[in-house]
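Remarks on the structure that follows.
The values are calculated or read from the model by the stated rules, or taken from the named source; none is laboratory data. Since this is a predicted model, take the numbers as computed values, not measurements. Cβ placement follows ideal geometry from the backbone for every residue including glycine, while neighbour counts extend to all protein chains displayed.
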Amino acid sequence: MSIDLQQFAAKLKKYRDQLQLSEAEVGVGTGIEPSRLGELEGGTVAPTGDEVLILADFYRCDYRFFISNEKLAPFEQTEQLYRRFGNEFSKGDRSRVQEFLFLSECEEALMRMLNRSREPFEYRPRGNYFKGHAADAAAKLRAHFGYSDSVVPLDVYSDFRKIGIHVFRRRLDNSNISGLTLRHPSAGPCVLVNYAEDIYRQRFTAAHEAAHAILDKEDVVVSFSEWKAKDLVEIRDNTFASRYLLPPEVLDRLPVRAWTGAELSQWAAKLKVSVQALAVGLKENGLINDATLATVSRARGDGSEKIDPELEGLAPRSVERKRTLLERGLSHFYVSLCFDAVAEGLITNAKAAEMLMVSEDELSDLAEMYKVKLTVHD
């Protein structure tokens, strides 16, 4: 199959521009001379097969994207992302977003390879009342999972993965970005949560972004920790997150009627939500007034009590090692999928290392951490 050189060149140039890289930086990362990269981006020469593979690996995309007209990579979506929010993303964060989308694409491929089932959920809103849509969707999703009125979902990341949303967490430079939702052309809805946020805030952000995935049709949404008070979509999605994590029935059963900052902090820790999220939930359910809200929402929880649901139950040494993986975007769920695919002979060690964005030596360390025996020969 012959490559359309002009289209190939345009894709290369746009990817480099999106990631704010110079030809020299791409040359260092790929081993391809900058002069050769200039020729490839100019469309004056055809790439070799090795060059296509090297560049696809460097830009974290399917090599077929470069040599075909098929929509195999979220190229249009990332272009839209940076056109609308470009000033919010540092060069480092752009690279992290690219890796997040690569992981989402790989996760979808692994789920299909391993024939892992999902629990599809679809919500069709009626009418124009945004907050009503949010409350209704949250109640229906809780019912979908069989949660009783008194249950507080603990591992929301697992919940949202079950319905087909790819959820990854990654530390971003911009602390004002809470998360983003992007519809990948092949992987579907993908959610990135800023791992720099408070552990409980991350749970709320994941639920907020899930609302975007469930209720919105937009290809790209970025959520900020500071948003406009009149933004109806953000209000709606905050309502979804609040109702999913803290349904009114849970709040009504709390044995407190005269809230103080200390009590709010204690119950926030028990319910695994931020103090602010609990305060807002209480206010929306008529359990405190504006004056009490202003007073108690300034309370601070005890950070030592906060346990990441994806690290719970692990030995201290394992917690630190797996926290490092989470900061790099590698969830326990995703790493386990990769090793399951290796164990079943569906991918090689080298392919697993590529999917995990590590060297083969690092793959051996990961396998030891996960108590997995790698195949001897690829």
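Scanning the range 243-263 for residues that are in contact (Cβ under 8 Å) with a residue 60 or more places away in the chain and of a type outside the set (A, V, I, L, M) yields Arg243, Tyr244, Pro247, Glu249, Arg253.
Of all residues in the range 14-28, those satisfying the criterion of being within 15 Å of Ile54 (Cα to Cα) and surrounded by 14 or more Cβ atoms within 10 Å (Cβ to Cβ) are Tyr15, Arg16, Glu23, Glu25, Val26, Gly27. Determine if the range 126-141 includes at least one residue that is in contact with a Cys (Cβ under 7 Å, 6 or more places away or on another chain) and under 28 Å from Ser186 (Cα atoms). Looking for residues that are in contact with a Cys (Cβ under 7 Å, 6 or more places away or on another chain) and under 28 Å from Ser186 (Cα atoms), one finds none in the range 126-141, hence no.
Of the conditions (1) β-branched (Val, Ile, Thr); (2) over 19 Å from the mean Cα position of the chain (by Cα); (3) surrounded by fewer than 23 Cβ atoms within 10 Å (Cβ to Cβ), Thr239 clears all except one; give me its number. Of (1) β-branched (Val, Ile, Thr); (2) over 19 Å from the mean Cα position of the chain (by Cα); (3) surrounded by fewer than 23 Cβ atoms within 10 Å (Cβ to Cβ), only one is false for Thr239: (3). Could you identify the single residue in Gly86, Gly164, Gly132, Gly92 that is modelled with pLDDT under 95, within 30 Å of Phe58 (Cβ to Cβ) and outside the structural domain of Tyr334 (by TED's automatic domain parsing)? The conditions single out Gly86.
Take Thr205 and tell me if it is assigned to a helix (DSSP H, G or I) and touching a residue at least 24 places away in the same chain (Cβ under 8 Å). Yes; evaluated as a whole, the condition is true for this residue.
Within the range 272-283, residues that are in the same structural domain as Asp252 (by TED's automatic domain parsing) have Cβ atoms under 6 Å from residues that are in a loop (DSSP other than H, G, I, E, B) in these pairs: Val275/Ala299; Val275/Gly301; Gln276/Ser297; Ala279/Ser297; Gly281/Leu246; Leu282/Ile288, counting only partners at least 6 apart in sequence or on another chain. Among the residues of the range 43-53, none is identified as surrounded by fewer than 15 Cβ atoms within 10 Å (Cβ to Cβ), closer than 17 Å to Lys14 by Cα and either among the hydrophobic types (A, V, I, L, M, F, W, C) or modelled with pLDDT of 95 or more (or both). Given the conditions (1) part of a strand (DSSP E or B); (2) out of contact with any helix residue (DSSP H, G or I) (no Cβ under 8 Å at 6 or more places or on another chain), and given that Leu182 satisfies all but one, which numbered condition is not satisfied? Of the numbered conditions (1) part of a strand (DSSP E or B); (2) out of contact with any helix residue (DSSP H, G or I) (no Cβ under 8 Å at 6 or more places or on another chain), the odd one out for Leu182 is (2). One residue stands out among those in the range 330-361 that are closer than 25 Å to Ile54 by Cβ and acidic (Asp, Glu): the one that is modelled with the highest pLDDT, which is Glu354.
For beta carbons closer than 9 Å, sequence separation of 6+ or different chains, a first residue in the range 27-48 that is without any contact (Cβ under 8 Å) to a residue 60 or more places away in the chain and a second that is polar (S, T, N, Q) and surrounded by 15 or more Cβ atoms within 10 Å (Cβ to Cβ), the qualifying pairs are Leu37/Thr30.
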